[in-house]
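Working notes, structure below.
Derivation of every value follows stated rules applied to the coordinates shown; laboratory data play no part. Keep in mind that this is a model prediction, so the values were computed, not measured. Note: ideal-geometry Cβ built from the backbone for every residue, glycine included; neighbour counts use all protein chains shown.
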Amino acid sequence: MKRLLMLAVAFLLLSGFTMSWDPVTTYTDNTLIGPEAQGVFYNVEMDGVQAVSKTSATSWVLPAVPKKSTHQFRAQTEFGALDNNGVPIRSAWSPFYTWTSPAGNPNAPGQLRVAP
């Protein structure tokens, strides 16, 4: 049981945090995005650096971050189709989302015992 608990804790520590967002299904005028877009993709920046490029997923597992560290994220939508000049069609960047990682929890005392 103790090993199983340790494995579960190790998995949580190594799997990190996941950022997610709602899928984009409409243009700015609220009409549905059709096959002409040739796919809807997303770009994500973390602290001003592009961390994800042209993914179709609506979530991303963050790299390991120090406890109590603050980060800024933003995202944009990109189509698979190109404009008339051969340039990717992209949305504006989303507003920044600021997040601070938790401080973490202390370990519970171990090796409890009672002596006479």
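Please list, in order, the residues from the range 68-85 whose amide nitrogen is less than 18 Å from a point placed 7 Å along the Cα→Cβ vector of T58. Correct set: 74-80.
List the pair-distance distribution P(r) of the chain, using every Cα-Cα distance, as the percent of pairs falling in each 10 Å bin from 0 up to the bin containing the longest distance, rounded to whole percents. The calculated distribution, bin by bin, is 10, 32, 24, 16, 10, 5, 2, 1, 0. The listed peptides 44-51, 95-102, ordered by packing as a protection proxy, come out as 44-51, 95-102 (highest mean of other Cβ atoms within 10 Å first).
Taking the Cβ of I33 as the centre, find all other residues whose Cβ is under 14 Å away and add up their charges (Lys, Arg: +1; Asp, Glu: -1).
Details: positive: R90; negative: D22, D29, E36, E78.
My count for the surroundings of I33 gives -3.
Stretching V40 away from S101 to a fully extended chain increases their span by 19.0 nm, per 0.36 nm per residue minus the current alpha-carbon distance.
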